[in-house]
Amino acid sequence: MGWNDFGYQCYTCANLGPKCLQLLGMHALSGCDTTSYPYGKGKIRALNTLLSEEFPRLADIGEVSMTKEDLLQAALPFFRTLYQQPPETSMESARFNLFAKKKNTPKIMALSPTSDNLSYHVLRAHLQVMLWKAADQLAPPSESTDITNFGWEIHEGIPVPKLSQNDPVPPNLMDVIQCKCKAKGNKCSPLACGCRKEQLSCTTYCNCLADDSCCNPYTIKDKNEDEMQSIVDVDFESVDQDNELDIEHVENDN
């Protein structure tokens, strides 16, 4: 390392102050070689989020003594701010907020992760930062040996990210937003379409895609924000407690 490089790093540390210690946690949480990135949230957004508020506990990510609950509590404030959500908002409520405010149906991958999948993601980030912090040691911490304790599974000898095993969506929400109509020329007939039977609009999550071939008279072709809110009129208080939307599972299937 040359003097100019060293001087530049000192200048960066002097300007960032304590946030220098949070850079590793931010980097791993926002995506690196061994962790996925939140869809649509690049490094510039992640860094601006880090600089916008105080996230002192990000510096604790990678510390061997951190428990799973400690890690989640360290990462949650950063993720809430990254997705522009108020304090204390659950990941499931954040998903609904992001879904409901869009005039057009958003991509599933653009929603925030569920609590379960965020927990696995944070564990993977924790493992990576643990290894980074041990870079000046003779060997990594013994705790890092079994990666299955950190959000990974081994399938046929290959490490793969562990995913939530909960249903992809709550059954009551699925009833609202998806029918399985496939008949050509007669999609969403009175007898076959679950949305039509309940006098609900089909959406782009339905097999019919709510396009011009959809025969459901309740389908709203041009959805505005208020109409989208009424389509997904679900009690998300109960969703927070009993169900979780599995974003990473959906992305993996696709």
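Take the conditions aromatic (Phe, Trp, Tyr), surrounded by 12 or more Cβ atoms within 10 Å (Cβ to Cβ), free of Cβ contacts under 8 Å to residues at least 12 places away in the same chain and under 16 Å from ASN117 (Cβ atoms) and apply them to TYR37. Does it pass? Talk me through it step by step, then tell me what you get.
Values: aromatic (Phe, Trp, Tyr): yes; surrounded by 12 or more Cβ atoms within 10 Å (Cβ to Cβ): yes; free of Cβ contacts under 8 Å to residues at least 12 places away in the same chain: yes; under 16 Å from ASN117 (Cβ atoms): yes.
So TYR37 passes the test.
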Exactly one of LEU58, LEU50, LEU71 is more than 17 Å from LEU16 (Cα to Cα), surrounded by 17 or more Cβ atoms within 10 Å (Cβ to Cβ) and touching a helix residue (DSSP H, G or I) at 6+ places or on another chain (Cβ under 8 Å), and that residue is LEU71
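Residues are listed down the side, and each one gets a yes or a no for (1) within 31 Å of the chain's Cα centre (by Cα); (2) more than 30 Å from PHE150 (Cα to Cα); (3) modelled with pLDDT of 75 or more:
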| position | (1), (2), (3) |
| --- | --- |
| ILE177 | yes, yes, no |
| LYS182 | yes, yes, yes |
| ALA192 | no, yes, yes |
| ILE220 | yes, yes, yes |
Of the candidates MET1, MET66, the one satisfying the condition of being of a type in the set (A, V, I, L, M, F, W, C), assigned to a loop (DSSP other than H, G, I, E, B) and at pLDDT 95 or above is MET66
Worksheet item: Just a yes or no: is a residue in segment 63-75 touching a Pro at 6+ places or on another chain (Cβ under 7 Å), under 23 Å from SER164 (Cα atoms) and assigned by TED's automatic domain parsing to the domain that holds LYS19?
Response: no
Of the residues in segment 137-164 that are under 24 Å from the mean Cα position of the chain (by Cα) and assigned to a helix (DSSP H, G or I), the one that is surrounded by the fewest Cβ atoms within 10 Å (Cβ to Cβ) is THR148
Considering segment 96-136, residues that are aliphatic (A, V, I, L, M) and assigned to a loop (DSSP other than H, G, I, E, B), and then whichever is surrounded by the fewest Cβ atoms within 10 Å (Cβ to Cβ), we arrive at ALA135
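The values are calculated or read from the model by the stated rules, or taken from the named source; none is laboratory data. Just so it is clear, the model here is predicted, and its values are computed rather than measured. Ideal geometry is used to build each Cβ from the backbone, glycine not excepted, and the neighbour counts take in all protein chains shown.
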